[in-house]
Amino acid sequence: MLRSEIDADERMWSIPGSRTKNGEPHQVPLSDSALDILSSLEERDGSDHVFGIGERGFSGWSRAKAALDKRISEARTKNSKGKKVAPMAPWRLHDLRRSTATRMGDLGTLPHVVEAVLNHLSGSRAGVAGIYNRATYLPEKRQALDMWAAHIEALVAGKSASNVVALGAAS
């Protein structure tokens with residue numbers, strides 16, 4: 001994510017097609033929660049990247065995933081109240097996209113809007129329908145992402161039934 005791609009006034013992250021998998025530009029409406037997080041991050045000298053080290057963007061996905069798995073395991077053990085904890089099923093970072101898409105559907109987001117949020121050109125946005133329907137569904141994407149942010153905030157605050165485990169601050 002580049003700071004130059006974020007318009008806080010419009011509450012929008014604009015990703016150019018040169019940086020998307022399908023080559024199409026992608027407008028990502030930002031929720032208030034996302035903007036709060038982004039505004040809390042210090043700008044990095046010499047880099048337009050929001051995340052990462054030095055001038056480059058984020059790298060080291062394998063190490064970061066291993067560290068996250070360790071934090072999750074520690075949190076699960078801590079929250080087990082002495083009961084034996086079954087090993088967590090293996091997962092990949094990409095599973096977060098699948099979980100988000102699935103839960104957005106559970107919250108009432110229509111499939112074509114979920115596809116638009118993910119910048120997919122499959123299903124209802126492919127073939128003949130995709131040729132004739134050039135809608136970006138921007139208002140619907142904003143509504144879906146605002147609803148998703150509210151859902152995540154409720155989970156973190158413990159106001160929703162879930163199996164989410166609080167991780168706490170990184171050490």
| field | Sequence-distant lysines (8 or more away, or on other chains) whose Cα lies within less than 18 Å of residue 78 | value | 70
| query | Just in segment 1-71: which GluC sites (Glu not before Pro) are loop by DSSP and have at most 15 other Cβ atoms within 10 Å? | reply | 10, 42, 43, 55
| task | Once you have a ≥ b ≥ c as the square roots of the Cα gyration tensor eigenvalues for segment 1-51, tell me rounded if a/c is under 1.5, and otherwise prolate or oblate according to whether a/b is larger than b/c. | result | oblate
| Roughly how many whole Å is it from the C-alpha centroid of segment 64-122 to that of segment 20-47? | 20 Å
| said: Give me Rg/Rg_expected for the chain, where Rg uses Cα atoms only and Rg_expected = 2.2 N^0.38 Å with N residues. | reply: 1.18
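Values in this text are rule-based calculations from the coordinates and carry no lab data. If you're wondering where the values come from, they're calculated on a predicted model, not measured in any experiment. All Cβ positions, even for glycine, are placed from backbone atoms using ideal geometry, and neighbour counts span all protein chains on display.
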